[in-house]
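**Q** First the structure, which I've put down as structure tokens, then a few questions once you've had a look.
The values are calculated or read from the model by the stated rules, or taken from the named source; none is laboratory data. What you see is a predicted model; the values in this text were computed from it and never measured. Backbone-built Cβ (ideal geometry, glycine too); neighbour counts: all protein chains shown. To get the accessible areas, we keep the full protein, side chains included, count just its heavy atoms, and leave off ligands, DNA and RNA. Shrake-Rupley method; radii C 1.70, N 1.55, O 1.52, S 1.80 Å.
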Amino acid sequence: MRIRRHWFTGLVSLAVIVFLWAPLAIVAVNSVNRNPLLARWGGFTTSWYHQAINNPDVRSGLRATMVVAACSTLLSLAIAVTGCLWWRRAGARGRRVFDGMTYLRIMLPEVVFATALFLVFTRMHFQLGTGAVIIGHTVWNSAYATLIVQARTASLDPALEDAAADLGANPWRVFRRVTLPSLFPAILAAGLLAFTFSFDDVVTTYFLNGTANPTLPVVILSMIRFRVSPEINAIGILVMLFTVTMFAVAFLAVSGAGWGARRSRA
Amino acid sequence: MSQPAVRLRGVSKRFGDHVAVQPLDLEIPEGGFYSIIGPSGCGKTTTLRMVAGLETPDTGTIEVAGRDVTRTPAYRRPVNTVFQSYALFPHLDVFENIAFGLREEKRPKDEVRRRVGEMVELVRLAGRERSRPKQLSGGQQQRVALARALVKHPAVLLLDEPLGALDLRLRKQLQSELKDVQRRVGITFAYVTHDQEEAFSMSDRVAVMNEGVLEQEGPPEEVYRRPATLFVAEFVGLANRLAGTVAGSSAEGYAVRLADGATAAAAGPEGLAEGDEVSLIVRPENMRLVDNGIPAVVRSVSYLGPSRSLRVDTETLGELALMIPGNAGSVADGDRVALAWSPADAWLVGAA
């Protein structure tokens, strides 16, 4: 039997599509709109992209973002992998505490962590800046990374590691040749996700950046505070393309079970 | 040949409150096919894992090829294991799976290629070197697991129910292949299974374990014909078990008074005394239909091809099982028959 559609559900769907996608479409169109006031279509141009790429604030912002995202991702992965390996051998109570601490970092609002870290850092006379931002991002990023790696760890057959040890691999070699390759798809996905979250972040960065070079999202925020330059549209589209690509790769890494299946080099 | 391949002395293991293996003494002679059998949870796999170094014994010492390895970690022991789940590395192909152990030994490349090649031939997987484990059938995966362990030329190869996950026909085929491989390479095989028939068909010697205790050890025929305990008698095959008391002993054997008051001659272990409660064990295939014997009524007959399996009721000895040749004339439910066995086929074990 076919389900009859009510006109109202159709209307809601349409509204969702319009409100979600129309702004993006407008940004995309305006990023190549020659008219500087963006009031109407003034012909095709790529000059906003040139301007965005050559803007020194954008460039330094991008550099700062990359440093923060890369460092926070690596730190988060290290925490997630070691944590999950511990979790595997932990007792029931240890696991509950571990899981609770992971979920807490995801559930508590970012503002709470950002404020708390701000207060702690200033009291400790820890210089606010890039280092503080990296630590701040790692607080929640490591939790997301843990969730992803944990799912894979749970399904890892301990007999594989027994077999590697039985064949003469010492504990480090077992980790290097069996455990790590088995976790590789999850580590890749967690890394890309963490990188993207860090790349996007405004709140934590705003609280902890001090006088250091601001990251790209903060640069964009301060740019639109004065006026909406057409250049913003170009930056927006570039960031969006980057983020979508990262997510797509992360998704493929997790869903493609055969990933990470390359020949080992001893 | 003088020293055993594996020697366990007073080895025990407990997991929490559960005693997996009671203090155990066991010697596995070099060069043969040795099986440890028993029901699940009897401690046979734990014993094997302690030899491999994957579990640490609570007490006792383990020697492999004359060397004490009790404190040696798994990766430095001269033993290799074929796991029940095969545990093939999913991210490596067949070649790299087999080469894994040699790469850990840092063998030169051409030696690795040669030795892996030999193994691939031995287990008949030529042409599949670049396949992933999950592209192989269960039987092929099993062969990769075997090759991966054998390529290291271990002093002892440990096999933990390696055929458990396969269907019956494949299992039979691989049983003879395993036996064949063992003869060709001459490496000591220590095989764990719950399937006594499988163990008997391949092994030079078997050990029967129950609840963490070694019940008996010896060649299959001895274990089958001369079981040391009631548990062994019933675990290694069907057994008719007749309760009785020892009435006397002589150089030839014992005289036993059965429940029906008659006296039967039987062989048995040394040391039984007059008046001891015993069970007289007669295998179904050693019970014969005769013209003049213990009267019985046939309750059911199953035709199995080469043989017929009968269940009969006797007035005084209860229900008995018989296995008679399939071509020995027809018997039907309800027939009145008479049965007998020869004293040489009767064996006594102490009553539990």
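**Q** In the stretch A:40-56, which residue that is within 33 Å of the chain's Cα centre (by Cα) and in a loop (DSSP other than H, G, I, E, B) is nearest to A:VAL228 (Cα to Cα)?
**A** A:ASN55
**Q** Next question, about the same structure. Between a first residue in the stretch A:92-110 that is at negative phi and at pLDDT 95 or above and a second residue that is surrounded by 10 or more Cβ atoms within 10 Å (Cβ to Cβ) and outside any helix (DSSP H, G or I), which pairs have beta carbons less than 9 Å apart while being 6 or more apart in sequence or on different chains?
**A** A:VAL97/A:ALA90; A:PHE98/A:ALA90
Residue by residue, here is whether (1) assigned to a strand (DSSP E or B); (2) β-branched (Val, Ile, Thr) holds:
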site	(1), (2)
B:THR245	yes, yes
B:GLY261	no, no
B:GLU285	no, no
B:LEU289	yes, no
B:VAL301	yes, yes
B:GLY305	no, no
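**Q** Name the pairs whose Cβ atoms lie under 7 Å apart, with the first residue in the stretch A:184-202 and among the aromatic types (Phe, Trp, Tyr), the second surrounded by 23 or more Cβ atoms within 10 Å (Cβ to Cβ), and 6 or more positions between them or separate chains?
**A** Close Cβ pairs (under 7 Å, with a partner that is surrounded by 23 or more Cβ atoms within 10 Å (Cβ to Cβ)) amount to A:PHE195/A:ALA69; A:PHE195/A:THR73; A:PHE197/A:ASN141; A:PHE199/A:THR65; A:PHE199/A:ALA69.
**Q** Has the stretch B:138-150 got at least one residue that is in a loop (DSSP other than H, G, I, E, B) and touching a residue at least 12 places away in the same chain (Cβ under 8 Å)?
**A** For the stretch B:138-150, residues in a loop (DSSP other than H, G, I, E, B) and touching a residue at least 12 places away in the same chain (Cβ under 8 Å): absent.
**Q** While we're looking at this one, here's another question. Among all residue pairs at least 6 apart or on different chains, which show Cβ distances below 6 Å where the first residue, located in the stretch B:320-332, is of a type in the set (D, E, K, R) and the second is modelled with pLDDT under 90 and part of a loop (DSSP other than H, G, I, E, B)?
**A** none
**Q** While we're looking at this one, here's another question. If a residue has to be over 28 Å from A:THR205 (Cβ atoms) and open to solvent by 30 Å² or more (accessible area, probe 1.4 Å) to count, how many in the stretch A:40-61 make the cut?
**A** Kept after step one, since they are over 28 Å from A:THR205 (Cβ atoms), are these residues of the stretch A:40-61: A:40-47.
Next cut, open to solvent by 30 Å² or more (accessible area, probe 1.4 Å) only: A:40-42, A:44, A:46-47.
Residues meeting the conditions: 6.
**Q** Just to be sure before I move on: is B:ARG130 of a type in the set (D, E, K, R), open to solvent by 10 Å² or more (accessible area, probe 1.4 Å), within 12 Å of chain A (Cβ to nearest Cβ) and not in a helix (DSSP H, G or I) in the structure I sent?
**A** Numbers: of a type in the set (D, E, K, R): yes; open to solvent by 10 Å² or more (accessible area, probe 1.4 Å): yes; within 12 Å of chain A (Cβ to nearest Cβ): yes; not in a helix (DSSP H, G or I): yes.
In short, yes.
**Q** Continuing with the same structure: Could you figure out which of (1) assigned to a helix (DSSP H, G or I); (2) open to solvent by 100 Å² or more (accessible area, probe 1.4 Å) isn't true of A:LEU37?
**A** For A:LEU37, the failing item is (1).
**Q** Starting from residues that are in a helix (DSSP H, G or I) and more than 12 Å from chain A (Cβ to nearest Cβ), keep the ones in the stretch B:46-97 and report whichever is most open to solvent (accessible area, probe 1.4 Å).
**A** Initial filter on the stretch B:46-97 (in a helix (DSSP H, G or I)): B:46-52, B:74-76, B:94-97.
From the residues that got through so far, the ones that are more than 12 Å from chain A (Cβ to nearest Cβ) too are B:46-47, B:50.
Details: B:THR46: 24, B:THR47: 3, B:MET50: 2 Å².
Per the criteria, the residue is B:THR46.
**Q** Here's another thing I want to ask about it. Among what's in the stretch B:237-294 and is within 30 Å of B:ASN327 (Cα to Cα) and acidic (Asp, Glu), pick the residue that is most open to solvent (accessible area, probe 1.4 Å).
**A** It comes out as B:ASP291.
**Q** Tell me yes or no: at least one residue of the stretch B:109-119 is part of a loop (DSSP other than H, G, I, E, B), open to solvent by less than 50 Å² (accessible area, probe 1.4 Å) and either under 27 Å from B:GLU177 (Cα atoms) or in contact (Cβ under 8 Å) with a residue 12 or more places away in the chain (or both).
**A** no
**Q** Would you mind telling me which numbered condition in (1) farther than 24 Å from B:GLN3 by Cα; (2) open to solvent by less than 30 Å² (accessible area, probe 1.4 Å); (3) basic (Lys, Arg) B:ARG171 fails?
**A** With (1) farther than 24 Å from B:GLN3 by Cα; (2) open to solvent by less than 30 Å² (accessible area, probe 1.4 Å); (3) basic (Lys, Arg) applied to B:ARG171, the lone miss is (2).
**Q** Taking the conditions exactly as written (away from chain A (no Cβ under 13 Å) and of a type outside the set (Phe, Trp, Tyr)), does B:ALA145 satisfy them or not?
**A** Judged against the criteria, B:ALA145 is not a match.
**Q** Being farther than 13 Å from A:ALA234 by Cα, of a type outside the set (D, E, K, R) and outside any helix (DSSP H, G or I) is the filter here, so list the residues in the stretch A:1-34 that pass it.
**A** A:MET1, A:ILE3, A:HIS6
**Q** Hey, B:ILE294 hits all of (1) closer than 19 Å to B:GLY237 by Cα; (2) free of Cβ contacts under 8 Å to residues at least 60 places away in the same chain; (3) of a type in the set (A, V, I, L, M) but one; which does it fall short on?
**A** The one condition B:ILE294 does not meet is (1).
**Q** Next question, about the same structure. Would you please name the residue that is nearest to B:SER249 (Cα to Cα), looking only at residues in the stretch B:302-313 that are surrounded by fewer than 18 Cβ atoms within 10 Å (Cβ to Cβ) and not basic (Lys, Arg)? Quick ask: steps written out before the conclusion?
**A** Initially, the stretch B:302-313 is screened for residues surrounded by fewer than 18 Cβ atoms within 10 Å (Cβ to Cβ), giving B:302-307, B:309, B:311, B:313.
Checking the rest, the ones that are also not basic (Lys, Arg) come to B:302-307, B:309, B:313.
On the way: B:SER302: 38, B:TYR303: 39, B:LEU304: 39, B:GLY305: 40, B:PRO306: 38, B:SER307: 35, B:SER309: 33, B:ASP313: 30 Å.
Filtering first and then ranking leaves B:ASP313.
**Q** Now for a separate question. Specify which of the listed residues (A:ALA212, A:ALA165, A:ALA186) is more than 20 Å from A:ASP57 (Cβ to Cβ) and either touching a strand residue (DSSP E or B) at 6+ places or on another chain (Cβ under 7 Å) or more than 10 Å from chain B (Cβ to nearest Cβ) (or both).
**A** A:ALA186
**Q** From the set of residues in the stretch A:1-34 that are among the aromatic types (Phe, Trp, Tyr) and within 29 Å of the chain's Cα centre (by Cα), which is surrounded by the fewest Cβ atoms within 10 Å (Cβ to Cβ)?
**A** Top of the filtered list is A:PHE19.
**Q** For the stretch A:158-227, which fully contained helices (runs of 4 or more DSSP H) count at least 1 residues that are small (Gly, Ala, Ser) and open to solvent by less than 20 Å² (accessible area, probe 1.4 Å)?
**A** Of the helices (runs of 4 or more DSSP H) lying wholly inside the stretch A:158-227, those with at least 1 residues that are small (Gly, Ala, Ser) and open to solvent by less than 20 Å² (accessible area, probe 1.4 Å) span A:158-166, A:180-200.
**Q** I would also like to ask the following. Given B:VAL185, B:VAL144, B:VAL181, which one is modelled with pLDDT of 90 or more, touching a helix residue (DSSP H, G or I) at 6+ places or on another chain (Cβ under 7 Å) and open to solvent by 40 Å² or more (accessible area, probe 1.4 Å)?
**A** None of the others qualify; the one that does is B:VAL185.
**Q** Does B:PHE100 qualify as being modelled with pLDDT of 95 or more, open to solvent by 10 Å² or more (accessible area, probe 1.4 Å), within 12 Å of chain A (Cβ to nearest Cβ) and assigned to a helix (DSSP H, G or I)?
**A** The answer is no for B:PHE100.
**Q** Being farther than 15 Å from A:ASN209 by Cβ and surrounded by 14 or more Cβ atoms within 10 Å (Cβ to Cβ) narrows it down to one residue among A:THR130, A:THR73; which is it?
**A** Working: A:THR130 fails: farther than 15 Å from A:ASN209 by Cβ.
Exactly one of A:THR130, A:THR73 is farther than 15 Å from A:ASN209 by Cβ and surrounded by 14 or more Cβ atoms within 10 Å (Cβ to Cβ), namely A:THR73.
**Q** Let me ask something else about it. May I ask you to list the residues in the stretch A:190-204 that are out of contact with any His (no Cβ under 7 Å at 6 or more places or on another chain) and polar (S, T, N, Q)?
**A** The answer is A:THR196, and nothing else.
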